[in-house]
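The structure under discussion appears below in the form of structure tokens.
The values are calculated or read from the model by the stated rules, or taken from the named source; none is laboratory data. From a predicted model like this one, the values you see are computed outputs, not experimental measurements. Note that each Cβ is placed from the backbone with ideal geometry, even for glycine, and that neighbours are counted across all protein chains shown.
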Amino acid sequence: MESNNPVITLCVEGIWAETENRFDDARQCYQQAWDSCTDEYEACIAAHYLARSQTSLEESLRWNLQALQIAYSVKDKRVRDFLPTLYMSLGHAYKRLGGSVQAQRYYRLAAGMGEISLHESEGEMVQWLKMFFWLQPPVEDMV
């Protein structure tokens with residue numbers, strides 16, 4: 001991602017706020033990033049980070065689905081490296097909501113991009129997801 005991009009800078013600030021358990025500040029950074037978008041690439045990134053800060057799994061899923069829809073509209077390769085992360089987030093959300101078929105679809109898409117192996121056990125995938133989502137508080141704690 002482009003480190004000198006103002007939208008990405010705001011998302012990074014939000015991540016730092018998350019690491020300090022300042023989740024309201026993180027949400028504000030992500031919302032400001034969303035409000036500052038100038039193109040689809042930026043909107044895809046900001047929508048994904050807004051998904052991280054939602055208080056329900058359903059809203060998190062909705063924002064990540066919106067991020068994916070926007071990502072597919074980006075006409076260049078900038079979003080390609082971001083797709084595995086987005087696919088994993090979607091798989092994680094669907095799994096937590098009981099949608100195992102949808103979850104597997106997105107895990108397979110991520111695996112197809114080299115992010116995870118389809119041959120990993122579910123336990124290994126869960127460990128990968130825990131590492132991937134280590135910053136995010138449990139949704140139940142955010143309500």
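Miscellaneous remarks
- Take the conditions (1) modelled with pLDDT of 95 or more; (2) within 14 Å of the chain's Cα centre (by Cα); L57 misses just one of them, which is (1).
- Failed item in (1) more than 19 Å from M113 (Cβ to Cβ); (2) assigned to a helix (DSSP H, G or I), with T55 passing the rest: (2)
- Test for A17: is it within 17 Å of T85 (Cα to Cα) and crowded, with 20+ Cβ neighbours inside 10 Å: no
- Among residues of region 5-21 that are more than 18 Å from T38 (Cβ to Cβ), those with a Cβ under 8 angstrom from a residue that is of a type in the set (A, V, I, L, M) and not in a helix (DSSP H, G or I), sequence gap 6+ or separate chain, pair up as I15/L135; E18/L135; T19/L135.
- Evaluation of S36 against (1) crowded, with 16+ Cβ neighbours inside 10 Å; (2) over 15 Å from the mean Cα position of the chain (by Cα) (one fails), failing number: (1)
- Exclusive hit being β-branched (V, I, T), in a helix (DSSP H, G or I) and farther than 30 Å from V101 by Cα, set V79, V12: V12
- Tabulated pairs, region 32-58, first in contact (Cβ under 8 Å) with a residue 24 or more places away in the chain and within 10 Å of C11 (Cα to Cα), second of a type in the set (D, E) and buried (at least 19 other Cβ atoms within 10 Å of the Cβ), C-beta under 8 angstrom, 6+ apart or interchain: A33/E42
- Test: A46 is farther than 18 Å from R80 by Cβ and touching a Leu at 6+ places or on another chain (Cβ under 9 Å): no
- Extreme residue, modelled with the lowest pLDDT, among residues of region 73-122 that are hydrophobic (A, V, I, L, M, F, W, C) and within 16 Å of A47 (Cα to Cα): F82
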